[in-house]
Amino acid sequence: MAQVYALLADGTTVEIRPAGPGDFDAVKAMHKAMSPDNTYMRFFNISRLVAEIEARRICKDPVPGQVALLALAGDEVVGVASYVSEVPGQAEIAFAVADHMHHRGVATLLLEHLVSFAGSHQITTFTAETLTENKAMLNVFADAGLPVDRHYEDGVFKLTFPLPSADAGPTLESYLNAVADRESRAETASLRHVLAPKSVAVIGASRRRGTVGRTILDNIRAGGYSGRLYTVNPRARQIGGERCLSSVLDLPEAVDLAVIAVPATAVLDVAERCGQRGVRALVVITSGLDVAACADLLAVCRRHGMRLVGPDCFGVAVPGIGLDATFAVSLAQPGVAGLVMQSGGLGLAVVDHLSRLGIGISSFASVGEKLDVSGNDMLMWWEHDGLTKLAVLYIESFGNPRKFARTARRVSGTMPVLTVLADRYAPADPVGRAALFEQAGVITTHGFGDLIEAAALLATQPVPAGRTVAIVSNVGGAGVLAADACTDLGLSVHHPAGLTRRRLRTLVPGGTVTGPVDTTAPVSGEDFRLCLELLAADDEVHALVAIVQPTGATGDLVAAIQAADLGVPLAAVVLNQPESVRLLPKPGAGQVPAYGSPEAAVAALARAAGYGAWRAEPHGHVPVFADIKTEQARTLVREVLREAPGRVAPEHAAELLRCYGIPLADLAPPGTEVTVRVADDHVFGGLVTFGGVSRLAPLTDLDADKMIRSAPRLHPEADLAAVRDLLLRVSRLSDDLPEVTDLELDPVIAGPDGVAVVNARIKVTPYEPKDPFLRKLR
């Protein structure tokens, strides 16, 4: 178990690491300082000897079946957790927390780390004994998200916790949800220093205008930031008429946020001084730090409990509080879009466009090298900030894709999450990245223009409840183009019928009302509005595209679009407008996106409709297989890796598959030949491919069904349930055994009597499994 840093409930950073002999004095000091009540709750007595006895038990060299973890705030031990296993598969746990650190989540965090460690060391059950009056510890166990069995005897609760595993199904999901909720709230607490700071220091601002540091300072002032603002530069007494401090150590208070724009050679020294002064968070604008310097910078931040944005970034902006700590040319406008970018320049361009449109920004972070604060962190902030209605991401790399997927899936359930899928230059595998986004409900766009156009619709219109689109145009050819675009992008064009068609005929007697609706060029604004409202009232219509070309012979069709009272999403197209997209204000409140082309409007609607379909459908569950022999398979993989890593011998491949209920067949039955593949690059996890369709493990039952529906035509009477079962078992193998980097089942015969795996090729490589959901900072 390695040293890691993690956040407590109040956003404080603590170090979590194994105890060792060198920690004796610190552990003894923590226990000795505990109050009599706290000591009694932990040890059931208040002997003066317990501090030394416990420190000797905790602080020793590793012993099989015994684990002790420490939580440290700076150099002080503030929490201890341990387990002792004397019965195979079972361990007794115990906790102690320093008096001044109660109710901040220390014990809960340590418990999560014990659970993670135990899961990889064949421990399946925790036990604990707690006095009935120890309400705090009982609450820790009750709120952990683990199932618990309580047995009361002689004033003591004896507790038993089955630990979550892949075999646990809903139990594992419930536990991971509880962990994710605690992580989200802790992240939000820590990011307040970055995104809701009450005090800011700009370090490295120059007297010379046009420099990065000076521009940041000027932008903060121009934005109307109401918090306390300080300037630090050892070579200036005043900058812009305001007093300048010569050192961070001269700050009159421990500021929430320090923005650092100094030469690369000075960054570490400035960061260290910020830590010494008690600064809570850093934004490091400076570029040019090498790998070693980046590691040192992060170490300084961890040691002093500071969150870090950057380095090599454009800064952060929270327009709602007047904070624009960037060196942008124009100030961001307040609004509803949250934005995180690795590419700072592109991020500023997105900020400009969203501000111009009137969507505005709730918060913006250019994360640069992304040493600490990342897209995951920002998603969790937006989940709780009460302002953000639309999240926009441009992330080129992933530190923890599994956690990102879980976080994005949760956030996408309440707000649209948009990203650019820039396949060509991104270092990550594009197939894995596309699968990650699709399964997490992230809406993908393929360029800067697409991103802005989709954002304009998603920020202003309700999410479509289906894929049927009614098209109304006063230019017949443009309506046809919109209909073609709908067909190409998986949308259905609405064809009015019955009463709707008859009423349309009375409004546009010379037009086409069978869909797309062509009102003809000289339509009045009033009749155009009535057409829109009539179609929106049709139960079959889920969205509208209104296309207009104003002429001297028409009414004010743009005004008609603005005045229309509709209950479904609307995308307007104004063919003679110069902007690719703009927002039309509606009387009273609301806005309508207006595009320069039918294709752009339909593309935005298609993305919104796809998101709506994802949000409306059940997400399925990862099934539990009672016949899988996970530990036997892990033992086999370890043996193969010891003997000959790489391609697995056929007899071992067959044995490994049998552990997952996948036998190899000798004479295959009639059916369709298909292939099942798994590739694991240890970035996104196992990527399961079937019939040209890829999904990331672990697959849900619905994931498997989608893959089957999208696959090439199977035997007409193929046993689809057996195909699904095979995909889910292969997915489980991949999720359990990350050492399996390549697996190919080819051919697999899918026929009426089930599936038969005729041949298998498997490759294994050494890999130290990591818990992707363990609460820890990067």
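The values are calculated or read from the model by the stated rules, or taken from the named source; none is laboratory data. In this text, all values refer to a predicted model and were calculated from it rather than measured experimentally. Positions of Cβ are backbone-derived with ideal geometry, glycine not excepted, and every protein chain shown enters the neighbour counts. These area figures cover heavy atoms from the full protein model, side chains too; ligands, DNA and RNA do not enter into them. Shrake-Rupley method; radii C 1.70, N 1.55, O 1.52, S 1.80 Å.
Roughly what % of DSSP beta bridges within the range 484-602 run antiparallel, to the nearest 5?
Once the DSSP bridges in the range 484-602 are tallied, antiparallel ones form about 45 percent.
Taking Cα pairs under 8 Å and at least six residues apart, what relative contact order does the chain come out at, in percent?
Worked out over the chain, it gives 8 percent.
Taking every eigenvalue of the Cα gyration tensor of the range 33-170, multiplying by 5 and rooting it, what semi-axes result, largest first, whole Å?
One finds semi-axes of 23, 18, 15 Å for the range 33-170.
Is there a quick way to get the dipole size of the range 704-746? I mean about its Cα centre, with the Cβ of Lys and Arg at +1 and of Asp and Glu at -1; what is the value in debye to the nearest 20?
Values: 6 positive and 10 negative charges, 64 e Å.
Value, rounded to 20: 300 debye.
In deg cm²/dmol and to the nearest 500, what is the mean residue ellipticity at 222 nm of the chain if only DSSP H runs of at least 4 residues count, each as -39500 (n - 2.57), divided by the residue total?
-11500 deg cm²/dmol
Place a label point 7 angstrom from the Cα of ALA559 along the Cα-to-Cβ direction, then list the residues of the range 524-544 whose backbone nitrogen is under 14 Å away.
524-529
At a threshold of 8 angstrom on Cα-Cα distance, excluding pairs fewer than six apart, so keeping six or more, what relative contact order does the range 568-639 reach in percent?
On the way: 55 pairs, mean separation 17.6, N = 72.
Rounded, it is 24 percent for the range 568-639.
Give me the Kirkwood hydrodynamic radius of the range 379-479 in Å, from all C-alpha pairs, to one decimal place?
15.2
If you build the Cα gyration tensor of the range 89-158 and take the root of 5 times each eigenvalue, what three semi-axes come out, in whole angstrom, biggest first?
So the equivalent ellipsoid measures 19, 17, 10 Å along its semi-axes.
Could you work out what % of the accessible surface of the range 547-591 is carbon and sulfur, using a 1.4 angstrom probe and leaving DNA, RNA and ligands out of the count? Please report the intermediate quantities before stating the final value.
On the way: 1010 of 1960 Å².
It is 52 percent, rounded to a whole number.
Tell me, in nm to one decimal, what length is gained between HIS619 and ASN139 on full extension, where the rule is 0.36 nm per residue of separation less the Cα-Cα distance?
On the way: separation 480, 0.36 × 480 = 172.80 nm, distance 3.13 nm.
The span from HIS619 to ASN139 would gain 169.7 nm if fully extended.
Suppose the chain between THR265 and ASN45 were pulled fully straight at 0.36 nm per residue; how much longer would it get relative to their current alpha carbon spacing?
73.7 nm
Answer with one residue from ALA299, ALA9, LEU323: the one whose Cα lies farthest towards the positive end of the charge dipole of the chain, charges on Cβ with Lys, Arg +1 and Asp, Glu -1.
LEU323
Which of (i) 28.5; (ii) 29.5; (iii) 31.3 is the computed Kirkwood radius over Cα pairs in Å for the structure on display?
Matching the structure shown: (ii).
By DSSP, what percent of the beta bridges with both residues in the chain are antiparallel, rounded to the nearest 5? Numbers along the way, then the final one.
Details: 78 of 132 bridges.
Once the DSSP bridges in the chain are tallied, antiparallel ones form about 60 percent.
What is the Cα centroid distance between the range 639-676 and the range 65-86, reported in whole angstrom?
Answer, in whole Å: 42.
Among TYR660, PRO716, PRO670, which residue has its Cα furthest toward the positive end of the charge dipole of the range 645-726, with +1 on Lys/Arg Cβ and -1 on Asp/Glu Cβ?
Most positive-ward Cα: PRO716.
So for the pair GLU768, ALA465, with labels modelled 7 Å out along Cα→Cβ, what separation do we get in nm?
For GLU768 paired with ALA465, the spin-label model returns 5.4 nm.
May I ask you to order 151-160, 66-75, 575-584 by the average number of other C-beta atoms within 10 Å around their residues, highest value first?
Put in order of decreasing packing, that is 66-75, 575-584, 151-160.
Report the full-extension gain for the segment GLN122 to ALA293: residue separation times 0.36 nm, less the Cα-Cα distance, to one decimal in nm.
57.7 nm
Given axes a ≥ b ≥ c from the Cα gyration tensor, I'd like to know whether the range 211-253 is rounded (a/c under 1.5), prolate (a/b larger than b/c) or oblate.
Note, shape of the range 211-253 comes out oblate.
Can you tell me how the range 500-572 classifies by the Cα gyration tensor, rounded, prolate or oblate, using a/c under 1.5 as the rounded cut?
Working: a/c = 1.85, a/b = 1.20, b/c = 1.54.
Taking the square roots of the gyration eigenvalues as a ≥ b ≥ c, the range 500-572 is oblate.
Of the heavy-atom accessible surface of the range 363-426 (probe 1.4 angstrom), what whole percent is carbon and sulfur?
Answer for the range 363-426 is 48 percent, counting heavy atoms of protein chains only.
With every protein chain left in place, what is the accessible area per residue of the chain in square angstrom, probe 1.4 Å?
Averaged over the residues of the chain, the accessible area is 42 Å².
About its Cα centre, how strong a charge dipole does the range 728-778 have in debye, to the nearest 20, once Lys and Arg get +1 and Asp and Glu get -1 at the Cβ?
360
Between ASP61 and SER247, take the C-beta separation as r, use R0 = 51 Å, and let me know the FRET efficiency to the nearest 0.05. Working shown, then result.
Working: r = 44 Å, r/R0 = 0.86.
After rounding to 0.05, the efficiency reads 0.70.
Ranking request for peptides 745-753, 613-621: highest mean number of other beta-carbon atoms within 10 Å first, then the rest in descending order.
On the way: 745-753: 18.7, 613-621: 13.2.
Listed from highest to lowest mean packing, they are 745-753, 613-621.
For the chain, give the magnitude of the charge dipole about the Cα centre (Cβ charges: +1 Lys/Arg, -1 Asp/Glu; no others), in debye to the nearest 20.
Numbers: 71 positive and 87 negative charges, 449 e Å.
The calculation lands at about 2160 debye.
Give me the distance between the Cα centres of the range 484-535 and the range 742-778, rounded to whole Å.
Between the Cα centre of the range 484-535 and that of the range 742-778, the gap is 52 Å.
Describe numerically, in nm with one decimal, the distance between label points set 7 Å from Cα along Cα→Cβ at ASP488 and at ASP742.
3.8
Given R₀ = 56 Å, FRET efficiency for SER580-ARG150 by Cβ-Cβ distance, to 0.05?
Once the sixth-power term is evaluated, E becomes 0.35.
Can you list the lysines whose alpha carbon sits under 21 Å from that of LYS763, skipping same-chain ones fewer than 8 residues off?
LYS629
On a 25 Å Cα-Cα criterion, which of the cross-link pairs LYS135/LYS158; LYS706/LYS776; LYS135/LYS770; LYS60/LYS403 come out too long?
On the way: LYS135/LYS158 14 Å; LYS706/LYS776 34 Å; LYS135/LYS770 33 Å; LYS60/LYS403 34 Å.
Distance filter (> 25 Å) returns LYS706/LYS776; LYS135/LYS770; LYS60/LYS403.
Can you tell me the order of 277-284, 486-493 when each peptide is scored by its average per-residue count of other Cβ atoms within 10 angstrom, highest first?
Ranked by mean Cβ neighbours within 10 Å, highest first: 277-284, 486-493.
Over 25 Å apart: what share of the alpha carbon pairs of the range 666-778 falls there, rounded to a whole percent?
Every Cα pair in the range 666-778 considered, those over 25 Å come to 24 percent.
Calculate, for ALA189 and GLU717, the FRET efficiency according to 1/(1 + (r/R0)^6) with r their C-beta to C-beta distance and R0 56 Å; round to the nearest 0.05.
So, using R0 = 56 Å, E works out to roughly 0.45.
Got a sec? Which residues in the range 588-625 would a label at LEU702 touch, if it sits 7 Å along Cα→Cβ and we count backbone N under 12 Å?
612-622
Kindly work out what percent of the DSSP beta bridges joining two residues of the range 131-241 are antiparallel, to the nearest 5.
Taking every DSSP beta bridge with both residues in the range 131-241, the antiparallel ones total about 55 percent.
Cα centroids of the range 360-436 and the range 241-257: how far apart, whole angstrom?
First find each Cα centre; the distance between them is then 34 Å.
Under 16 Å from the Cα of LYS28, which aspartates and glutamates turn up, not counting those fewer than eight places away in the same chain?
Result set, ordered by chain and number: GLU52, GLU54, ASP75, GLU76, ASP99.
Tell me whether the range 249-357 comes out rounded, prolate or oblate; compute the Cα gyration tensor, take square roots of the eigenvalues as a ≥ b ≥ c, and use a/c under 1.5 as the rounded threshold.
Since a/c reaches 1.5 and a/b is larger than b/c, the shape of the range 249-357 is classed as prolate.
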